[in-house]
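Read through the structure below, which is laid out as structure tokens, and then see the notes.
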């Protein structure tokens, strides 16, 4: 409030210098601050852009999301295109294979027909047709199978019309010469039967070879497995032998040290033997000492350890042989175990049950994923719809605020006009008094400054009009503004047309006055003008009330009753709208206050900068 009072005081002090101020921008009227004359309209456009910034960022986010969705759709379409291209190539290969097989069949039929004709040497006219044999030939399996294949190929591809005509001609000729050609085909059929037998024997041999090859592969796998097991056991035994050799060397070194120690002990015993007394009671002690020496002898102890280790090695070898036999027996059992026994095993049953469980779980999860995808699509559609609704609501709210701002701006302009009128009356009153006459020179100076101000504003308005015309891109409108010299550009052509019409009217009047009396012409013109005025009044009456003045009373009552009902509906709708507007009035006022505070803060920041 203090800021607003300060602005009003500043405006009242500047009245003498600038009595006519330009219209302020719509976004700054809450501050009650008069805009400067040098202010560019681009600043107001920047203010509008700052107000629209959240909406623009929201739209940018929506556009980016839509663009990403379009990119994913483009990638999906590209993949579908590649898949369809692969299918097209497969179809072309399939058609090419059919064409090749059809060509081979055609060549075979031509060759067999020509060979039959050359073999029997009959003319075309000398061949008879037996209907029974013909029916038997047509009822054979190879003819029906061939006919079905040909019909299927012709249904799939319709590019064999020419070949079909040729083949039909060949079949007609072949059926007409059936009696002699069947005799010629007997050798061919026998050869084909022999070839079929050879083919079946080759297939059987190939199947036997495949079975033997599978058996050999299984044996090779089992032998390879045995080899791997034995190689692993050999490696383990080699490691054990290395360890035993190392231990054997250690024991041997210990044995050598023990022998050296024993030799030293014997030498010491021989040296101390003469000094020992020969008393008889000491004999039991001497008898006991060898036993103790044998027990404490390291050589004997090491020899016992070596024998024990060798005995353990022998036992390990026996166990290894037994394990080898068991492994070989189990491997043979594994190779020869039937599948039914494997399927009846508990582990196999558990695995099959777990497989069925996980398969059902996977199917359930895939269905759940599909449902989630559908829900996600629905949510995305609802989200886009909600975004559109919010966008439209925001635009409507912005337009409503703009209309309210325009109304406030009109009120402000009206108040300024009243202020200027009062100021003018005050100045006139001052000029009528003696004290006012003294300040006539000052008033002249003020009038001159205001005139200069008005001229400057006219030039500024003309410049802005030219700028807006240049932005529209219409050349004729821009040229018209350039040639206007500050006057209203659209009134010049209308004024010229009005002058031309007035001149034409005067010319027509002179012609009519020359041909008729002036009083009669004036009387007719008056009557005509009155009739036209009556028609205009009748049209306005019908447009206003909805019925003609010459209508009957029933029609008038019906029209007026309908009009009353419409007015009542409009009044009820207006009441509802007023209630809704009153409900949202506080929110709008708070928003307007927040916007005004924001613009005040922004203006303070710009002033500080």
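The values are calculated or read from the model by the stated rules, or taken from the named source; none is laboratory data. Note that this is a predicted model, so its numbers are computed, not measured. For neighbour counting, all protein chains shown are included, and Cβ atoms are generated from backbone atoms with ideal geometry for every residue, glycine included.
A few notes on this one:
- Candidate set from the stretch 241-296 (those that are in contact with a helix residue (DSSP H, G or I) (Cβ under 9 Å, 6 or more places away or on another chain) and more than 30 Å from residue 312 (Cβ to Cβ)); member that is modelled with the lowest pLDDT: 276
- Condition met for residue 230 (part of a helix (DSSP H, G or I), surrounded by 11 or more Cβ atoms within 10 Å (Cβ to Cβ) and modelled with pLDDT of 75 or more): yes
- Checked against the criterion of being in contact with a helix residue (DSSP H, G or I) (Cβ under 8 Å, 6 or more places away or on another chain), within 24 Å of residue 399 (Cα to Cα), at pLDDT below 75 and surrounded by 10 or more Cβ atoms within 10 Å (Cβ to Cβ), the candidates 585, 591 yield just one match: 591.
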